[in-house]
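Below is one structure; the comments refer to it alone.
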Amino acid sequence: MAEPIDQPEDFTEEQVSFHSMPFLDHLEELRKRLLKSLLAVVIATGIALYFAKDIMRWFIAPLGQTKLNVTEVLGSFMAYFKLGLVVGIIVSIPVIFYQLWAFVAPGLYPKEKRMVWPFVSSATVLFLAGAAFCYFWVLPWSLQFLIGMAGDLFNPIITVNSYITFAGLLILAFGLCFELPVLAYALGKIGILSSAFLSRGRKYAIVVILVVAAILTPTPDVFTQLLLAVPMYVLYEVSIVVVRLTGRRK
């Protein structure tokens with residue numbers, strides 16, 4: 001049997017219990033949090049499907065005059081389902097972030113636990129800001145560039161499924177990448193990250209950002225990847241400032 005781990009004297013009873021909890025109990029707690037997050041996504045997706053046609057009109061607005069096509073029997077159904085899932089994830093973001101916080105909260109000090117609502121609200125706002133930035137700016141530019149490449153030589157036939165996949169993944173990718181300052185804040189508070197470390201790692205961060213942008217963007221074109229990479233680098237610089245102001249002091 002594993003020996004008990006010595007805990008700092010200022011740990012609360014809940015923290016000691018959390019840190020001495022067996023690994024399988026941590027997994028069980030994580031499973032419960034994931035199930036609650038999944039349930040929130042399922043409920044939000046069901047509500048979104050009820051208003052699917054109205055949401056679809058709003059979602060395809062960045063296409064302008066370009067028409068979408070259906071080439072399969074289940075094409076329309078799958079398009080509405082994908083759209084409902086994307087909207088369901090976006091709407092469930094506050095619940096997902098709260099469940100994430102609730103999973104790690106037992107290991108935090110009482111003062112840190114009081115940050116739950118600032119954490120959830122700031123993470124939600126940043127995610128929605130990233131999604132809005134993508135919808136209103138990046139998505140129209142990407143579509144104009146990619147469709148415009150056809151020129152006079154080709155007649156673009158865009159299926160509704162391909163558009164929902166492209167736009168949905170792009171919006172979710174931007175929402176997640178805008179969480180970088182919140183992640184840096186959390187790691188800075190527990191002493192894992194420092195502003196000096198982030199400053200020294202700029203040249204490596206640029207490479208990582210380009211790789212992440214290439215992975216997250218649903219198309220292989222450099223233009224769309226740069227539209228994600230540039231804001232990510234700006235957020236990286238913001239993260240350095242955040243950690244410098246709020247990071248744990250030695």
Would you mention how many residues in the range 185-197 are over 21 Å from the mean Cα position of the chain (by Cα) and crowded, with 16+ Cβ neighbours inside 10 Å?
2
Note on R114: of the conditions (1) exposed (fewer than 13 other Cβ atoms within 10 Å of the Cβ); (2) more than 20 Å from K189 (Cβ to Cβ); (3) basic (K, R), unmet is (2)
Identify, by number, the condition in (1) of a type outside the set (D, E, K, R); (2) outside any helix (DSSP H, G or I); (3) within 23 Å of V241 (Cβ to Cβ); (4) in the same structural domain as M78 (by TED's automatic domain parsing) that F127 doesn't meet.
(2)
Subset of the range 150-184, residues over 30 Å from V73 (Cβ atoms) and either β-branched (V, I, T) or more than 16 Å from the chain's Cα centre (by Cα) (or both), comes to G151, D152, L153, V182
Only one residue in V86, V125, V104 is buried (at least 18 other Cβ atoms within 10 Å of the Cβ) and β-branched (V, I, T), so which one is that?
V86
Look at I158 and say whether it is out of contact with any strand residue (DSSP E or B) (no Cβ under 9 Å at 6 or more places or on another chain), aliphatic (A, V, I, L, M) and surrounded by 13 or more Cβ atoms within 10 Å (Cβ to Cβ).
no
Which pairs turn up if I take residues in the range 229-242 that are touching a residue at least 24 places away in the same chain (Cβ under 8 Å) and look for partners that are hydroxyl-bearing (S, T, Y) with beta carbon separation below 9 Å, at least 6 apart in sequence or on another chain?
S239/Y185; S239/S195; I240/S195; I240/S199; V241/S195; V242/Y185; V242/S195
Spot the failing condition for S122; the list is (1) modelled with pLDDT of 85 or more; (2) closer than 20 Å to Q225 by Cβ, and only one is missed.
(2)
Which pairs have Cβ atoms under 6 Å, sit 6 or more apart or on different chains, and link a residue in the range 148-175 that is outside the structural domain of Q225 (by TED's automatic domain parsing) to one that is aliphatic (A, V, I, L, M) and surrounded by fewer than 12 Cβ atoms within 10 Å (Cβ to Cβ)?
P156/A150
Return the total of residues in the range 42-60 being within 14 Å of V91 (Cβ to Cβ) and over 22 Å from the mean Cα position of the chain (by Cα).
3
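The values are calculated or read from the model by the stated rules, or taken from the named source; none is laboratory data. If you're wondering where the values come from, they're calculated on a predicted model, not measured in any experiment. Cβ atoms come from the backbone with ideal geometry, glycine included; neighbour counts cover every protein chain shown.
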